[in-house]
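The values are calculated or read from the model by the stated rules, or taken from the named source; none is laboratory data. These figures come from a predicted structure and were not determined experimentally. Reconstructed Cβ throughout: ideal geometry from the backbone, glycine too, with neighbour counts over all protein chains shown. The area values use the complete protein model at the heavy-atom level, side chains included, leaving out ligands, DNA and RNA. Shrake-Rupley method; radii C 1.70, N 1.55, O 1.52, S 1.80 Å.
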Amino acid sequence: MRDASFQGKSALIADDDDVVRSTLGRLLRHLDMTVADAPDGAAAIQKIEGTPFDLVISDLSMPALDGFAVLAAVKARQPRTPVIILTGAGGVPDCVRAMREGAFDFVTKPFHPTALTETVRAALGQSAASATKAKDVVPGSDPSPTATGAMLLGKSSALQELLALVEQVGPTDATVLILGETGSGKEVIARLLHASSPRAGQRLVAVNCAAIPEALIESELFGHVKGAFTSAHETRIGRLREADGGTLLLDEIGELALPMQARLLRVLQDQSVTPVGSERSYQINVRFLAATNRNLEAMVREGRFRQDLFFRLNVVPIQVPPLRDRLDDVPALAEHFLEQAARRLGRSIKLSDKALGILQLYGWPGNVRELENLIERMAILDRDGTIDSDDVPPTLGSETGEAVARTLWDLTENGVDLPTSVARFERALIGTAMRRSANNKSKAAVLLGIGRTTLIDKLRKLGI
């Protein structure tokens, strides 16, 4: 049966390797796609200027103009066209740059045909979603996939420490437990870990444990044989075996019921899978990543999560910082989302320093996703081309005691965390002064009424 995801779609392949272009071309044509190709970046950009494409796949290293140049050209001329970057050697810096600059994904050669097919399907799905969103944007709705790479924007010390840890852990086969709030970017970190590993050419299979009913999760993970239960009309290998040779991401692992936790522990221990209704076991070779917004240690104490499974998963814990801990990144994120929204709306929109200052003082409980939705909402409602402080919702900008408690302060059960709140406010003021002075420390110090040496010391202490 033909897959409608690919039918009628067009793709441009840019690669200086004739064999890669030929292989990719055959794969995409087999999927019923129309394919054009280019032997280098310059030729690819020429074709982009004259022909619209549904997808662009570009090698990173090419003569004259590289894959980043092709990516920039696509984003400038065909902003809704997804770009997949290919490279012969995965690495966190290149992955991060590609995602920051708007690439849909980053694939290491040699690639597995099934893995690349799934990436192409997902990219085309994003393109369709982007087109729909451009026609009918609903404020407060789910964010567009642009937020995925955008969460890596910024130069805060918290973000740099996170990326340094990913760069160190990615090339290993270690099991990683990714911790963080909803919307903070846990799945992005999982993708980076996979893309920078020796398994990058194989599949990254993601399973959302919270989205699958408890009665179906065993079959979803382990697979089943035909006739194993009433609706088992055919044999299914399951997600664990689908990830063989690659990486499995168990998202929202804290939602997994105790009986399934016990079965999963066995897989982690011996890399062996027994489908439902079968007596045969299959050996697999899978790297495990798990992600959760839950406090698993507290769940262990409460008897809701197995301690032995927690220890198996928690080989290398990676804590993804919430946006309130990287407020220095808010300007870069806000400008990025505003540029995307303005492009979709077909007009020019600016963000004033006053409005940006308010955004930097907010606690962002919804993290990067919340910021993207807010920027889009304000862009839609903008009338004069400038989003100013009075365009920011009162819940962010009001100076009433309740709003201040929600935005400036970290309230705990014992009261107010004053040092954190003061540091946050100071960081926002210094950041605004630096922007207004075009990063001239002497001018910024004058704006703040402090000495240049004092400012330099505060910049160092605050990690700005």
Considering segment 207-226, residues that are assigned to a loop (DSSP other than H, G, I, E, B) and among the small types (G, A, S), and then whichever is nearest to Y282 (Cα to Cα), we arrive at G223
Over segment 227-256, the set of residues in a loop (DSSP other than H, G, I, E, B), touching a residue at least 12 places away in the same chain (Cβ under 8 Å) and surrounded by fewer than 19 Cβ atoms within 10 Å (Cβ to Cβ) is G227, A228, F229, A232, T235, I237, D244, G245
I'd like to know if segment 144-161 contains one or more residues that are closer than 17 Å to Q319 by Cβ, at pLDDT 80 or above, open to solvent by less than 40 Å² (accessible area, probe 1.4 Å) and of a type in the set (S, T, Y).
yes
Criterion (out of contact with any strand residue (DSSP E or B) (no Cβ under 8 Å at 6 or more places or on another chain), buried (at least 19 other Cβ atoms within 10 Å of the Cβ) and not aromatic (F, W, Y)) met by exactly one of A73, A69
A73
Examine segment 313-329 for a residue that is farther than 30 Å from L204 by Cα and surrounded by 18 or more Cβ atoms within 10 Å (Cβ to Cβ), and state whether such a residue exists.
yes
Evaluate the following for G357: is it more than 24 Å from L258 (Cα to Cα) and free of Cβ contacts under 8 Å to residues at least 40 places away in the same chain?
no
Restricting to segment 268-279, name every residue that is open to solvent by 70 Å² or more (accessible area, probe 1.4 Å) and either in a strand (DSSP E or B) or closer than 23 Å to V205 by Cα (or both).
Q269
Answer yes or no: is there a residue in segment 344-358 that is closer than 25 Å to L163 by Cα, in contact with a Ser or Thr (Cβ under 8 Å, 6 or more places away or on another chain) and crowded, with 18+ Cβ neighbours inside 10 Å.
no
Expected single match for open to solvent by less than 40 Å² (accessible area, probe 1.4 Å), in a helix (DSSP H, G or I), modelled with pLDDT of 95 or more and under 27 Å from E167 (Cβ atoms) among F310, F288 is F310
What number of residues within segment 1-32 are touching a residue at least 40 places away in the same chain (Cβ under 8 Å) and over 21 Å from D66 (Cβ atoms)?
8
Would you check which residues across segment 36-95 are touching a residue at least 24 places away in the same chain (Cβ under 8 Å), among the aliphatic types (A, V, I, L, M) and assigned to a helix (DSSP H, G or I) and list them?
A43, A44, I45, I48, A69, V70, L71, A72, A73, V74, V92
